[in-house]
Amino acid sequence: MANMIIRGATVLTMEDHDSVFPDGEIAVAGDTIIAAGPRGCVPRNFKAYRVIDGSGMVALPGFVNCHTHAAMTLLRSYADDMPLMKWLSEKIWPLEEKLQLEDFYWGTKLCCLEMIKSGTTTFADMYFEMGQVALAVEASGMRACLSRGMIGVGTNAQRAIDESVSFVREWNGRAGGRIKTMFGPHAPYTCPPEYLKEVIGLAGQHGAGIHIHVSETKDELQQIKESYGTTPVRHLDATGLFDLPVLAAHCVHLDQGDIEILAAKKVGVAHCPESNMKLASGISPVTRLLAAGVTVGLGTDGAASNNNLDMMEEMRSAALLQKVATEDPMALPSFEALKMATCAGAQVLGLPDVGVLRPGMKADLILVDFRRPHLCPRHDLIAHMVYAAQSADVDTVIINGEVVMEGRMVLTMDEEEVMRKAQECAFRIIS
């Protein structure tokens, strides 16, 4: 890692709405930001081995994708226009039984390639064969919070626990600190209370958090009510799950009591607007969650139910959905949506040194090329990022102080090889 300066970009630190510095500069020493702000903020004695010209660019924290299933890129467009439970039971789960080790590696590499090219620097993943996923993340240069998905009602329930423990022990803190491990019980309807309590105990023992789907569909709501006489959130709270750091994906169907529990227990929510729309799961009450003090980040969900991993689209969809759902054009303004995609997402994942450009934070940032017709005139850069920018506008991506994409060329992977291998794996699975 060589010391570098980014000079001439408009620096958007995300510390607050007004922390925007035209013709600014950023200094990076190793993997850490030492200065970010107006020109002249870099110490005079700082020796940079590389200077990046940011003219015409906006520099901001990289996007944080709080919920996905990386290797499901191989199932993109395989099964569409179906309700969630039918989609899972009739299409996705049967096909996942055919996945081989190389599929998880190349599917994850394809995911990382797509995310880097659209400005995502960190993601949270829940899937299987997480050793292969971790190897792909390590090679890509990305930062990730990884959890082995666990189903507690099938024949592989104990195997999932054993593999999760092994994975947490082996991979937490690896890849130069870019990989963080979690436990991933799939959902309250696939993990009985006793199974959840065992997972909770292990997570506490290993100092790990929990990544779980919560209140995604009305079917789940009904199933949990019939089985336990309560809501999924109250049910999980009764198991003690929320006494640990929890990343709760979706949280679509919530009553006010549920929201108060999530706020009181400091549960982080991963809002996945486009996947929820595509599967007709509903609209998460994001404005009510935020008003209650819940930290909400954004996720794409897997590419099989989205069908892309574009966080710029998620920001726009999140903002527009809340406006139409509440019939309030001021609901979820652009800065709040951008926070969800950056600093709030980092908080949801329990990453205190990611998501803001300031001294002492990890050097995870992107340069977005604003020399585009759809980004002119520059009345409001933040509004442009949410309502007008496109993933193809991302020019440069820096993660942990390393340049992983420059001039839209990914430097950590052979793009053609990744796409060729992923295509071969996908064809073999469905043949």
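In table form, for the structure just shown:
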item: Residue-wise HN-Hα coupling along the stretch 312-325, computed from phi with Karplus coefficients 6.51, -1.76, 1.60 (Hz; x: Gly, Pro); result: 5, 5, 5, 4, 5, 4, 4, 5, 5, 4, 5, 5, 6, 5
item: Peptides ranked, highest mean first, by Cβ atoms within 10 Å: ranges 185-193, 158-166; result: 185-193, 158-166
item: Length released on extending from LYS91 to THR326, taking residue separation times 0.36 nm less the Cα-Cα span; result: 81.2 nm
item: FRET efficiency estimate (nearest 0.05) - Cβ-Cβ, GLU194 to ARG378, R0 56 angstrom; result: 0.45
item: Estimated FRET transfer efficiency (SER431, GLN158; beta-carbon r; R0 35 Å; 0.05); result: 0.65
item: Separation between Cα centres of the stretch 255-283 and the stretch 131-151, rounded to whole Å; result: 24
item: Loop sites in the stretch 62-154: GluC sites (Glu not before Pro), DSSP, at most 15 other Cβ within 10 Å; result: GLU97
item: Per-residue HN-Hα couplings for the stretch 238-254 [Karplus 6.51, -1.76, 1.60; θ = phi - 60°; Hz; x = Gly/Pro]; result: 5, 6, x, 4, 7, 7, 9, x, 10, 9, 9, 7, 5, 6, 7, 9, 10
item: Nearest-ten-degree value, helix 218-228 long axis tilted from longest Cα axis of the chain; result: 50
item: Karplus (6.51, -1.76, 1.60) ³J(HN,Hα), θ = phi - 60°, over the stretch 49-59, in Hz, Gly and Pro reported as x; result: 8, 8, 10, 9, 7, x, 4, x, 9, 10, 9
item: Heavy-atom accessible surface of the chain: percent carbon and sulfur, 1.4 Å; result: 51
item: The chain - Kirkwood radius from inverse mean 1/r over Cα pairs (Å); result: 21.7
item: The stretch 315-331 versus the stretch 185-236: alpha-carbon centroid distance in Å; result: 29
item: Surface accessible to a 1.4 Å probe, per residue, for the residues of the chain, Å²; result: 38
item: Antiparallel content of DSSP bridges confined to the chain, in %, to 5; result: 40
item: Loop-located GluC sites (Glu not before Pro) in the stretch 292-336, at most 16 other Cβ atoms within 10 Å (DSSP); result: GLU327
item: Overall form of the stretch 293-366 per C-alpha gyration tensor (a/c, 1.5; a/b vs b/c); result: oblate
item: Long-range HN-HN contacts of CYS272 with modeled amide H, under 5 Å; result: HIS250, GLY299
item: Potential extension, GLN222-PHE46 segment - 0.36 nm per residue separation minus Cα distance; result: 57.3 nm
item: Under-5 Å amide H pairs with ALA303, H placed in peptide plane, nonlocal only; result: HIS69, MET72, THR73
item: Exposure rank, largest accessible area first [LYS421, LYS225, LYS197, LYS323; 1.4 Å]; result: LYS225, LYS197, LYS421, LYS323
item: Entries of LYS47/LYS180; LYS266/LYS339; LYS117/LYS197; LYS117/LYS339; LYS109/LYS323 with Cα pairs more than 29 Å apart; result: LYS47/LYS180; LYS117/LYS197; LYS109/LYS323
item: Helix axis angle, 157-171 relative to the chain longest principal axis, alpha carbon, degrees; result: 20
item: Highest to lowest packing among 145-156, 74-85, 265-276, scored as the average C-beta count within 10 Å; result: 265-276, 145-156, 74-85
item: Sorted peptide list for 42-51, 232-241, 362-371, criterion being average Cβ within 10 angstrom, highest first; result: 362-371, 232-241, 42-51
item: Amide hydrogen neighbours beyond the local backbone of ASN3, cut-off 5 Å, H modeled; result: GLY30, TYR49
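The values are calculated or read from the model by the stated rules, or taken from the named source; none is laboratory data. Everything numeric in this text was worked out from a predicted model, so none of it was measured. Methodologically, a virtual Cβ is constructed for each residue, glycine included, from the backbone with ideal geometry; neighbour enumeration extends over all protein chains shown. Heads up: the accessible areas ignore ligands, DNA and RNA and are worked out on the full protein's heavy atoms, side chains in. Shrake-Rupley method; radii C 1.70, N 1.55, O 1.52, S 1.80 Å.
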